[in-house]
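Below is one structure; the comments refer to it alone.
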Amino acid sequence: MSLQQFMNEAISPWMKQDGPDSDIVLSSRIRLARNFSHYPFPMIAAEESLEEILNFFKEKFEHQSFRDYNDFEIVKMRELQPVEKRVLVEKHLVSPHLAEKSEHSATLISQNEQVSIMINEEDHIRIQIYFPGFQLDRALAQASQLDDWLEEKIDYAFDEKRGYLTACPTNVGTGMRASVMMHLPALSMTHQINRMTPAINQLGLVVRGIYGEGSESVGNIFQISNQITLGKSEEDIVEDLHSVVKQLIDQERRAREALMNRSGIQLEDRIFRSYGVLMNSRIIESKEAAKCLSDLRLGIDLNLIDHIPQSILNELMILTQPGFLQQYAKATLTPEERDIRRASLIRERLQLEHEE
Amino acid sequence: MECQQCHERPATVHLTQVVNGQKTEVHVCEQCAKEKGYMNYGEENFTLNDLLSGLFHSEGSSPFTGQTMKPYQQATKLKCPTCGLAYQEFARIGKFGCGDCYQTFDDRINPILRRVHSGNTRHDGKIPKREGGNLHLRKEIDEYKVKLKTLIEQEEFEEAAKCRDKIRSLENQLHQGEDGEN
Ligand SMILES: [Zn+2]
Ligand SMILES: [Zn+2]
């Protein structure tokens, strides 16, 4: 398979689209946790009970369509090879938890891969929807409609006082986790993000570094999401998150401008060095790749590099993870072999831009 | 400094946690840290387990004393009739077994919910369409009542009258619905 072909299949269609503020916001996600009433939650449920729920979804929702989300395909985890599961995790279509407890778990995926409905995760149902760029309101509206669509056929565990009942008390109420994935290179280079985090926490929101331990973020990619799910409406939660993200976008833009004004040549040097590493390295670890890709993307956003599309960061952050590398190689690879593969995949991908 | 957990070994693990803006300091020995799961990183559950263990002990006197206390002992007998999950087990894993657990452990979970959700214990969001029934009406009435109050404050009496009529008609609808159910 050619790289072009592999990429076409590997990258979800919605990821190739541009969204509002997509120079900083990579994607917006809404996740709703729901459970069947009268069924024990998956953690303690008997096999038969879990199978019943699985069969219910297969019967009622397989190959169904709702709005833009066509032909839901049911993917049972037990029918997948480990590397296939890993790829689904790397595409964020299923959680690591779902892939691990694979005996009775599955996911319903819409054709455009924008919607994934996980079955028998920690809760019976986890509806997930993604939009490119900063589109929280739209994501919430669509998620809520999908939720109504499921509710036509499912009796949810719901309580007037506590709301949607979930296995973990951290999700009860709305069962909603709204999150936004942001590329914040200037705020993290200047250490401003660390200073802003406590204030953001005060608002019941969490900042997490992605692809790194704790709050350290390898590719300068951060996920901002709500922690509180009880006592506030979905709209209010999303509004709070929205306003914080809006401020972060403004701050990041300002920090980029300041960096360019104050140390333009140093920044340019850093960006082009990273570009050079990506173009020429023969061995590259994921950490270094993430750092260089972040620099490259910043260079594109600052118009220092103009022949490479913005989507390169999203794309290569996903393609250079272990699961994808092994799928592309069609072999199990040791970490050392992966680093070699990663370097050659990145070179090949950048080469595609030169040919055009 | 001695370990807050076992009060035997010296505290060598010092952690500061910020959850919803509340800062907690933890000083424990390595052994206790491992047992309590403080050595794991990044898991959402870690925070919750920590909150839970802190809470159960603090119901009596000071946190982390490790002594068995009365409310805790009472709680251990509590069991969900539907799924069989004991309260003690819930306290250990921080997960419910079924929807009915919320009813069963009702009074006991308020402090946990308050900690996790910035003081909130009651749902104020979406209501399922089919199942929600009268909840939708009641919510609508509440919203009109808030509106009515603002209108009166702003001395918009004509609008306020309309709003009051709307509330009355919704309340009638609600009572009819409730009679019909019986
Ligand atoms: Zn100790
Ligand atoms: Zn139960």
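The values are calculated or read from the model by the stated rules, or taken from the named source; none is laboratory data. What you are looking at is a predicted structure, and each value in this text was computed from that prediction instead of being measured. Cβ sites come from the backbone with ideal geometry, for glycine too, and all protein chains shown count toward neighbours. Protein only, heavy atoms only, side chains kept; ligands, DNA and RNA dropped before computing areas. Shrake-Rupley method; radii C 1.70, N 1.55, O 1.52, S 1.80 Å.
With unit charges on the beta carbon (Lys/Arg positive, Asp/Glu negative), name the residue among A:245, A:259, A:187 whose Cα is farthest towards the positive pole of the charge dipole of region A:151-277.
A:259
Going 7 Å from the Cα of residue A:262 toward and past its Cβ, which residues in region A:184-204 have a backbone nitrogen under 19 Å from where you end up?
A:184-197
For the pair residue A:269 and residue A:76, how long in nm is the line joining their label points, each one 7 Å along Cα→Cβ?
6.0
From other protein chains only, count the Cβ atoms within 10 Å of every residue's Cβ in A:199-206, then give the mean.
Shielding by partners across A:199-206 averages 3.
Which value, in square angstrom to the nearest 100, describes the accessible area buried between chains A and B on both sides, using a 1.4 angstrom probe?
Buried area between the two chains comes out at roughly 3700 Å².
Over the Cα atoms of region B:135-181, what Rg and Dmax result, in angstrom?
So, for region B:135-181, Rg and Dmax equal 11.9, 39 Å respectively.
Taking amide H positions as placed 1.01 Å from N in the peptide plane, with prolines and chain starts having none, which residues 5 or more places from residue B:86, or on another chain, fall under 5 Å of its amide H?
Distant-sequence amide H within range of residue B:86: B:80.
Could the peptides A:118-126, A:269-277 be put in order, highest first, of the mean number of other beta-carbon atoms found within 10 Å of their residues?
A:118-126, A:269-277
About its Cα centre, how strong a charge dipole does region A:48-89 have in debye, to the nearest 20, once Lys and Arg get +1 and Asp and Glu get -1 at the Cβ?
Working: 7 positive and 10 negative charges, 41 e Å.
Value, rounded to 20: 200 debye.
Under unit Cβ charges (Lys, Arg +1; Asp, Glu -1), what dipole magnitude, rounded to 20 debye, does the protein assembly as shown have relative to its Cα centre?
Approximately 1100 debye in magnitude.
Which value at 222 nm does the protein assembly as shown reach when only helices count, each DSSP H run of 4 or more adding -39,500 (n - 2.57), with the total divided by all residues and rounded to the nearest 500 deg cm²/dmol? Display every interim value, and only then the final one.
Numbers: 21 runs with 269 residues, N = 538.
Helices in the protein assembly as shown give a 222 nm mean residue ellipticity of -16000 deg cm²/dmol.
Using a Förster radius of 45 Å, what is the FRET efficiency between residue B:172 and residue A:59 based on their Cβ-Cβ separation? Nearest 0.05, please.
Result of the calculation: an efficiency of 0.60.
Could you work out which residue, out of A:92, A:191, A:183, moves most in a Gaussian network model of chain A, that is, has the largest mean-square fluctuation with Cα springs under 10 Å?
Sorting by GNM fluctuation, first place goes to A:191.
Amide H of residue A:27: which non-local residues (sequence gap of 5 or more, or other chain) have their own amide H closer than 5 Å, using H built in the peptide plane?
A:133, A:181
Less than 13 Å from a label point 7 Å out along the Cα-to-Cβ axis of residue A:138: which backbone N atoms in region A:1-36 qualify, by residue?
A:14-22, A:27-29
Which entries of A:58/A:91; A:153/B:77; A:16/B:129 have Cα-Cα distances beyond 31 Å here?
In this structure, A:153/B:77; A:16/B:129 exceed 31 Å between Cα atoms.
Given the convex hull of the Cα atoms of the protein assembly as shown, what is a quarter of its surface area in nm²?
Value for the protein assembly as shown: 30.8 nm².
Residue by residue through region A:67-77, which ³J(HN,Hα) values in whole Hz follow from phi under the Karplus form 6.51 cos²θ - 1.76 cosθ + 1.60 (θ = phi - 60°), with glycine and proline marked x?
The phi angles translate into 6, 7, 9, 9, 6, 4, 9, 8, 10, 8, 4 Hz.
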